[in-house]
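Taking it in order: structure first as structure tokens, then the write-up.
The values are calculated or read from the model by the stated rules, or taken from the named source; none is laboratory data. Every value quoted in this text rests on a predicted model; they were computed, and no experiment measured them. Using ideal geometry, Cβ is built from the backbone for each residue, glycine included, and neighbour counts are taken over all protein chains shown.
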């Protein structure tokens, strides 16, 4: 059952009600723990929308070493090899945990876990639930388990807008009632805080992520001084359906596998000139091709009228329904598309136990950066990372005792209404200047605008968005090469040796200050 903030809070507070947060809370039981969630459990979590599954070497003949090798190969030189191997080796145990919590993974005729193949995996190792329902089914099972665990308190409808610290140690959180800018903030004491707040997709104009994935956890950790790892690496899905929905629905890559083509407004195919595999090229290359057509004013469309025609609805009912709801008949019309921010490989830097650089602060799931994904995530490793690190965090916290924390007096920040269109402008700026294709001049312009917003806007939600956006933009400006999900048109090649990014908000601000003479392209409140 849900509780109010008037209840006595526990020494462990988890911020976020997605896969990492729920799994960590269950692993901590019977230790008392409080989950703070801005949205009702499951509704603001990207993990609930995951259509893939969980990668785990549980099939006959497969090994953790092979899984780790695939992860390392995709990560473009930046995967921590020990982390990848540890992740792969713990996968089987975490799958069995999920089965214990009631997740109905698909099984074969012999009763064994059914495993499927996905791109860049060398073996069949993806466990699913009813095909494409894994995320929804996992979250539903975990929510039920959490609701039935008496030592877990759930407080819904509150946003953590600041982390409270004293001498680089967590003392608590500043919360505010969600969607109520006039509400006074509430400061709560906490001896241990786990951030499991999700990714940054909502910083971009087109995203597959829920609105809660706006970089909040990264921002509040960074503002408290935490080290941030690899923030420039953002994965974009190449074919989001542009029918006016936010988040945007996806046109699955399987459509291109069935022969659908990518065309511009003139009906010209454009991927054949960019890669020998044309529409079946790697995801990041297709995303850049689509983005370039849109940026050039030619538009981009996915045309399945010849490949599928009237068979579209029967083969791809979810995509068909999304198109029809948006006024597009995909059996007879090309589908307007654009690349969508999908997953953040970067995040709050953590060690093998999920510890951040701030004492008493852990991070798990997409908000964290473990070194497992490098510059480009292997399919279906995200849910695996979330459960593996959630379990490690729980074990690390459970083995510790915490001294009583005194909540220091804090200055209550002013919170103004968000200026009309300010959030839309920030998201448009990130998409155009810090998106699929980047260059130094546009990054510098974005940094100028984001720096002003980060330090001057009165709306705390917008300021936190600008904080994360600034960190992403400055890291992208500093990485003068192209690698994985980060592409610089002015530096299109990789450089050796491969180096990870470790940065802070102070470093991002210093980079912005060095560019202060540049004139930003947009005003902060336009």
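To keep it simple, each residue is scored yes or no on (1) in the same structural domain as residue 450 (by TED's automatic domain parsing); (2) surrounded by 24 or more Cβ atoms within 10 Å (Cβ to Cβ); (3) at pLDDT below 95.
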site: 174; (1), (2), (3): no, no, yes
site: 190; (1), (2), (3): no, yes, yes
site: 207; (1), (2), (3): no, yes, no
site: 210; (1), (2), (3): no, no, yes
site: 223; (1), (2), (3): no, no, no
site: 227; (1), (2), (3): no, no, no
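Among the helices (runs of 4 or more DSSP H) confined wholly to the stretch 380-470, which include 3 or more residues that are at pLDDT 90 or above and farther than 30 Å from residue 240 by Cα? Before the answer, list the steps.
Details: elements: 381-398, 422-433, 440-456.
Where helices (runs of 4 or more DSSP H) fall fully within the stretch 380-470 and carry at least 3 residues being at pLDDT 90 or above and farther than 30 Å from residue 240 by Cα, they are 381-398.
Taking the conditions exactly as written (out of contact with any helix residue (DSSP H, G or I) (no Cβ under 7 Å at 6 or more places or on another chain) and free of Cβ contacts under 8 Å to residues at least 40 places away in the same chain), does residue 179 satisfy them or not?
Working: out of contact with any helix residue (DSSP H, G or I) (no Cβ under 7 Å at 6 or more places or on another chain): yes; free of Cβ contacts under 8 Å to residues at least 40 places away in the same chain: yes.
It is true that residue 179 is out of contact with any helix residue (DSSP H, G or I) (no Cβ under 7 Å at 6 or more places or on another chain) and free of Cβ contacts under 8 Å to residues at least 40 places away in the same chain.
Residues checked against (1) assigned to a helix (DSSP H, G or I); (2) more than 26 Å from residue 234 (Cβ to Cβ); (3) touching a helix residue (DSSP H, G or I) at 6+ places or on another chain (Cβ under 7 Å):
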site: 262; (1), (2), (3): no, no, yes
site: 267; (1), (2), (3): no, yes, no
site: 271; (1), (2), (3): no, no, yes
site: 299; (1), (2), (3): no, no, yes
site: 302; (1), (2), (3): no, no, yes
site: 305; (1), (2), (3): no, yes, no
site: 320; (1), (2), (3): yes, yes, yes
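Given the criterion at positive phi and at pLDDT 95 or above, identify the matching residue among 86, 77, 61.
Numbers: 86 fails: at positive phi; 61 fails: at pLDDT 95 or above.
The unique qualifying residue is 77.
Which number in (1) within 19 Å of the chain's Cα centre (by Cα); (2) over 30 Å from residue 480 (Cβ atoms); (3) at pLDDT below 95 marks the one condition that residue 194 misses?
(3)
Looking at the stretch 496-515, I want the residues that are under 14 Å from residue 348 (Cβ atoms) and have a partner that is surrounded by fewer than 17 Cβ atoms within 10 Å (Cβ to Cβ) with Cβ atoms under 9 Å, at least 6 apart or on another chain. Which pairs are those?
From residues that are under 14 Å from residue 348 (Cβ atoms), the pairs are 501/478; 503/478; 504/225; 505/225.
With respect to the numbered conditions (1) in contact (Cβ under 8 Å) with a residue 40 or more places away in the chain; (2) out of contact with any strand residue (DSSP E or B) (no Cβ under 8 Å at 6 or more places or on another chain); (3) under 29 Å from residue 162 (Cα atoms), which one is the sole condition not fulfilled by residue 484?
Looking at each condition in turn, residue 484 falls short on (3).
Conditions tested, residue by residue: (1) touching a helix residue (DSSP H, G or I) at 6+ places or on another chain (Cβ under 6 Å); (2) part of a loop (DSSP other than H, G, I, E, B).
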{"position": "213", "(1), (2)": "yes, yes"}
{"position": "222", "(1), (2)": "yes, no"}
{"position": "236", "(1), (2)": "yes, no"}
{"position": "239", "(1), (2)": "no, no"}
{"position": "246", "(1), (2)": "no, yes"}
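Okay, residues lined up against (1) surrounded by fewer than 18 Cβ atoms within 10 Å (Cβ to Cβ); (2) assigned by TED's automatic domain parsing to the domain that holds residue 501; (3) in contact with a helix residue (DSSP H, G or I) (Cβ under 7 Å, 6 or more places away or on another chain); (4) under 30 Å from residue 234 (Cβ atoms):
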{"position": "22", "(1), (2), (3), (4)": "no, no, yes, yes"}
{"position": "33", "(1), (2), (3), (4)": "no, no, yes, no"}
{"position": "57", "(1), (2), (3), (4)": "no, no, yes, yes"}
{"position": "64", "(1), (2), (3), (4)": "no, no, yes, yes"}
{"position": "98", "(1), (2), (3), (4)": "no, no, yes, yes"}
{"position": "103", "(1), (2), (3), (4)": "no, no, yes, yes"}
{"position": "109", "(1), (2), (3), (4)": "yes, no, no, no"}
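May I ask you to list the residues in the stretch 179-197 that are in contact with a strand residue (DSSP E or B) (Cβ under 9 Å, 6 or more places away or on another chain) and in a loop (DSSP other than H, G, I, E, B)? Walk me through how you get there before you give the answer.
Taking the stretch 179-197 first, the residues in contact with a strand residue (DSSP E or B) (Cβ under 9 Å, 6 or more places away or on another chain) are 179, 183-197.
Correct list: 179, 183, 184, 185, 190, 191, 196, 197.
Tally up the residues in the stretch 12-56 that are at pLDDT 85 or above and within 25 Å of residue 396 (Cα to Cα), please. Full working, then the answer.
Filtering the stretch 12-56 for residues at pLDDT 85 or above gives 12-41, 54-56.
Those still in the list that are within 25 Å of residue 396 (Cα to Cα) too: 12-37, 41, 54-56.
Here the count works out to 30.
Being under 16 Å from residue 363 (Cβ atoms) and part of a helix (DSSP H, G or I) narrows it down to one of 20, 88, 73, so name that one.
Working: 88 fails: under 16 Å from residue 363 (Cβ atoms); 73 fails: under 16 Å from residue 363 (Cβ atoms).
It is 20.
Of all residues in the stretch 328-369, how many are part of a loop (DSSP other than H, G, I, E, B), in contact (Cβ under 8 Å) with a residue 24 or more places away in the chain and over 22 Å from residue 237 (Cβ atoms)?
Restricting attention to the stretch 328-369, the residues satisfying the condition of being part of a loop (DSSP other than H, G, I, E, B) are 328-334, 345-346, 350-354, 356-358, 360, 364.
Next, from what is left, pick out any that are in contact (Cβ under 8 Å) with a residue 24 or more places away in the chain: 328, 330-334, 345-346, 350, 352-354, 356-358, 360, 364.
From the residues that got through so far, the ones that are over 22 Å from residue 237 (Cβ atoms) too are 331-332, 350, 352-354, 356-358, 360, 364.
Qualifying residue count, the stretch 328-369: 11.
Exactly one of these conditions fails for residue 141: (1) at pLDDT 85 or above; (2) farther than 23 Å from residue 212 by Cβ. Give me its number.
Here residue 141 meets the rest and fails (2).
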